[in-house]
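For reference, the structure discussed in these notes is given below.
Taken together, the values in this text are just the output of simple stated rules run on the coordinates, not laboratory data. Predicted model, so just to flag it, every value in this text is computed and none were measured. Note that we place each Cβ from the backbone using ideal geometry, even for glycine, and neighbour counts take in every protein chain shown.
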Amino acid sequence: MDMLKKYFPHAFAATEQNKLVTALIVYIVVAVIGAVVGWLVGTLLGWIPVVGFVIGLVLKIVGTVVDVYAIGGVILTLLTYFKVIK
């Protein structure tokens, strides 16, 4: 559990309603920023034939990791708020 607290600090601070909303907003903003940055980089470098293919592949992997992090953070936040985990 200590490792999860290290990587998801906002999720375990959500004991009150205002902290819950703040944590959920943080994880949603992380997902949105990751998507926007991925789209911008893909658009700027996607037109180069070989580089575009490699960048596209890397962006899909990084985007998936960012989305999994954000979803995990939301789930841990809700579990902490409803006192399923401590």
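Here are the numbers:
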quantity: Hits in the range 62-86 - residues which are among the hydrophobic types (A, V, I, L, M, F, W, C) and either touching a strand residue (DSSP E or B) at 6+ places or on another chain (Cβ under 9 Å) or assigned to a helix (DSSP H, G or I) (or both); calculated: VAL62, VAL65, VAL66, VAL68, ALA70, ILE71, VAL74, ILE75, LEU76, LEU78, LEU79
quantity: Selection from the range 23-54 of residues that are surrounded by 16 or more Cβ atoms within 10 Å (Cβ to Cβ) and either in contact with a helix residue (DSSP H, G or I) (Cβ under 7 Å, 6 or more places away or on another chain) or acidic (Asp, Glu) (or both); calculated: ALA23, LEU24, TYR27, VAL30, ALA31, GLY34, GLY38, GLY42
quantity: Filter result (surrounded by 14 or more Cβ atoms within 10 Å (Cβ to Cβ), over 14 Å from TYR7 (Cα atoms) and β-branched (Val, Ile, Thr)) within the range 55-86; calculated: ILE55, VAL62, THR80
quantity: Residues of the range 5-61 classified as of a type in the set (Ser, Thr, Tyr) and outside any helix (DSSP H, G or I), total; calculated: 1
